[in-house]
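Below is one structure, written out as structure tokens; the observations come after it.
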Amino acid sequence: MKPIFILNGPNLNLIGEREPEIYGAGTLAGIEEGLRKQASAVGLEIVFRQTNHEGVLVDWIQEARHVASALILNAGAYTHTSVAVLDALRAVSLPIAEVHLSNIFKREPFRHRSYVSPAATGVICGFGAQSYRLALAAIIEILGSSDASTRSLHA
Ligand code: CA2
């Protein structure tokens, strides 16, 4: 099985350091460690990355098309601004989980719009680090489905 790509956008490298009341006290490295264990418990691998650059995120989404089995994406603030990210996601025929640490619908109105959601299989937000664990659990379930026609529904 190809690895599950877990991609993170701008400023997510700062969580645990600043604004713990919004994003929690855990670090991105801690989240990565937990997800790696969760995946390896069922014999799967993850590729976990973070970038502050929109073009790099687009490059990694394009890379996922060829080398990943699924994509989990927290695009950070690009969620709310990036048509380039949406266009890249539209070319991905894999299960895509959009995740956010915070409940973006409880926050400022500009965070209520997501350019990722139209291309995502599903969206999980507001559960802190657990958002990632829930997303990975959903993706593992989709990948484990023996029904190929169900799987294509999620693409
Ligand atoms: O809740 C999420 O996961 C977000 O994707 C996080 C983004 C935010 O722009 C989205 O609206 C929701 C922000 C990433 C973290 O930014 C920080 C900024 C300052 C200090 C600590 C983290």
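The values are calculated or read from the model by the stated rules, or taken from the named source; none is laboratory data. Predicted, not measured: the structure shown is a model, and the values here were computed from it. Here the Cβ is made from the backbone with ideal geometry for all residues, glycine too, and neighbour counts use every protein chain on show.
I need the helices (runs of 4 or more DSSP H) fully contained in segment 56-155, keeping only those with at least 2 residues that are more than 26 Å from residue 16 (Cβ to Cβ) and modelled with pLDDT of 95 or more.
Numbers: elements: 83-90, 129-144, 148-154.
By residue number, 83-90, 129-144.
Restricting to segment 79-103, name every residue that is within 12 Å of the ligand (Cβ to nearest atom), more than 20 Å from residue 54 (Cα to Cα) and touching a residue at least 24 places away in the same chain (Cβ under 8 Å).
Across segment 79-103, the qualifying residue is only 102.
How many residues are farther than 30 Å from residue 67 by Cα, more than 10 Å from the ligand (Cβ to nearest atom) and in contact (Cβ under 8 Å) with a residue 12 or more places away in the chain when one looks only at segment 104-118?
2
Name the single residue that is farthest from the ligand (Cβ to nearest atom) among those in segment 4-53 being at pLDDT 95 or above and of a type in the set (Lys, Arg).
Among them, the one singled out is 37.
Are there any pairs with C-beta distances below 6 angstrom linking a residue in segment 14-41 that is small (Gly, Ala, Ser) to a residue that is surrounded by 16 or more Cβ atoms within 10 Å (Cβ to Cβ) and in a helix (DSSP H, G or I), with the two at least 6 apart or on different chains, and if so which?
24/129; 26/129
Within segment 54-78, track down each residue that is of a type in the set (A, V, I, L, M) and more than 16 Å from the ligand (Cβ to nearest atom). Please lay out each step first, then the result.
If we filter segment 54-78 for residues that are of a type in the set (A, V, I, L, M), which is where we start, we get 56-58, 61, 64, 67-68, 70-73, 75, 77.
Across segment 54-78, the qualifying residues are 58, 64, 67, 68, 70.
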